[in-house]
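These notes concern the structure reproduced below.
Only the coordinates and a few stated rules stand behind these numbers; no lab work does. Because the structure is a prediction, the values reported are computed rather than measured. No Cβ is skipped: glycine too gets one built from the backbone with ideal geometry, and neighbour counts run over all protein chains shown.
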Amino acid sequence: MKLIIVISVKLLLPVTIFICSFTWADVKGTPQNNATETSPISGYPKTNFSTLVDEYQTSIEEIESSKGVYDEDLSQQLFSLGLAYQQKGDHGKAIKTLTRSLHLERINNGLYSTSILPILNTLIFSLAKEEQWDSVDSRYSYLKWLYEQNYNEEHIETYFLKMKMANWYLKSYNLKRQKEPIIDLLNSYKTYEQALKMAIKNYGSTDLRVIAPLHELILVNYLIATSNFIAPLMSVDPEGRIVKTTSITGKKLAALKYRSLSLGVSLFKQEMDIYLKQPIINYMLVTRIKLKLADWYLMYGKRETALNLYQAAYHYLKDNSAITKEVRDLFSLPVALPNFPNILVKTNVLPSNEISDSDSNYVIASIDVTRYGKVKNINFVSSNPTDNAMSSRTFKFLKQTKFRPKIVEGNVISAEEVHLQIFQ
């Protein structure tokens with residue numbers, strides 16, 4: 001039975017970023033960030049939310065009637081009502097209700113009160129669901145200011161803020177909100193870098209909670225490395241000659257691009273060191289990091305270094321673990337690069353008889369992958385639906401994408417007639 005590598009990717013973009021809402025789980029030992037947005041009330045008990053809405057509305061009316069429209073008890077009732085609307089999926093009403101709750105909380109407890117934080121975070125979630133990005137940005141700015149009034153740079157709460165803000169900058173970059181989106185990417189890089197340093201200081205350099213900011217910094221470093229340079233500024237000097245100058249932003253970007261290879265190597269080695277210093281070493285996990293390090297060199301054209309590292313990764317796992325089907329699959333199947341946990345370029349293996357059951361738009365292509373990860377001999381087998389435009393985008397995607405090569409018995413070899421199912 002033929003095996004098909006399934007690549008899920010949006011073909012209109014080189015990569016699709018998983019932008020996640022930062023959650024407590026990200027800093028409590030979870031090795032990887034969740035790939036989906038998490039509701040602030042994901043733990044809210046299942047109930048009849050229409051009944052809850054009626055109860056909260058009745059309670060609010062009673063408080064307004066007996067105590068007035070600015071009573072401090074109203075804020076909590078409005079917050080609960082906003083949560084109920086949010087859980088129902090009515091984010092428009094949630095926004096209206098939570099905005100009033102926030103206003104009353106500020107009136108009754110002051111502009112600096114930390115009691116504002118849960119309301120603000122919940123409001124941001126609904127604003128994002130409604131794609132009101134300018135309002136999201138405004139609320140994040142207020143959130144940042146609020147943290148600065150209550151916590152110093154050494155406080156662990158500031159670490160949580162850094163992760164939230166860096167995540168928002170990355171989301172904003174992906175949305176291309178700003179005239180120069182690269183500014184958001186640079187802000188995300190700077191903030192994740194600060195978060196990583198704070199995580200190390202608070203938890204220790206080998207704590208698993210360091211993995212979350214480490215993964216995000218790896219991603220942002222990759223995006224910087226593959227981003228376009230900012231065009232030089234054009235001006236005319238007193239003698240009428242055209243002068244090209246580079247903006248401060250352009251200089252920062254150029255400097256980070258220049259060191260992106262070495263930084264990536266350092267970050268992967270840092271991640272590997274964390275896993276190696278755990279009480280029980282997961283050799284498969286360490287091997288995956290070794291492969292990612294080899295991938296990194298391959299993406300930068302350091303082919304011989306990459307091949308040597310692929311071979312070393314194989315022999316490391318062979319020396320420390322039994323050779324199982326999982327191990328053979330890890331090395332024998334080409335993998336689309338970059339292979340990061342927070343980028344939507346993932347490879348899985350499915351029996352070919354499962355492919356026809358998919359209702360998604362896809363193209364099945366046959367390719368050869370050289371030992372240096374280059375794609376050759378692209379042939380289209382079938383598609384759903386038949387779409388020449390989609391096939392054209394697929395062809396362009398495959399030509400631009402490097403693959404981790406096939407590794408058999410420690411030898412890096414070419415792979416022929418690899419069948420890919422590529423989803424749009």
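Can you list which of the GluC sites (Glu not before Pro) found in the range 129-185 are DSSP loop residues with at most 12 other C-beta atoms within 10 Å? Intermediate results must be reported in sequence, preceding the final value.
Working: sites: 130, 131, 148, 153, 154, 157; in loops: 130, 131, 153, 154.
Hits after loop and neighbour filter: 131, 153, 154.
Mind counting lysine pairs for me in the range 43-150? Cα separation below 17 Å, and the two need to be 8 or more apart along the chain or on different chains.
5
If you count, for each residue, the other Cβ atoms within 10 Å and average over each peptide, how do 247-260, 297-310 line up from highest to lowest?
Put in order of decreasing packing, that is 297-310, 247-260.
Output the pairs from 257/402; 164/201; 292/374; 179/269; 252/376 with a Cα-Cα distance over 27 Å in this structure; if there are none, say none.
Pairs exceeding the cut-off: 179/269; 252/376.
So what is the relative contact order of the range 143-205, in percent, for Cα pairs below 8 Å that sit 6 or more residues apart?
33 percent
Stokes-Einstein at 25 °C, 0.890 mPa s, Kirkwood radius from Cα pairs: D for the range 43-150 in µm² s⁻¹?
In µm²/s, the coefficient is 173.
So between residue 107 and residue 152, what do we pick up on full extension, going 0.36 nm a residue minus the alpha carbon distance?
Result for the pair: 13.8 nm of gain on full extension.
Put +1 on the Cβ of every Lys and Arg and -1 on every Asp and Glu Cβ in the range 43-150; which of 95, 136, 111 then has its Cα farthest towards the positive end of the dipole?
136
What ranking do 101-108, 208-215 get when scored by the average of other Cβ atoms within 10 Å per residue, highest first?
208-215, 101-108
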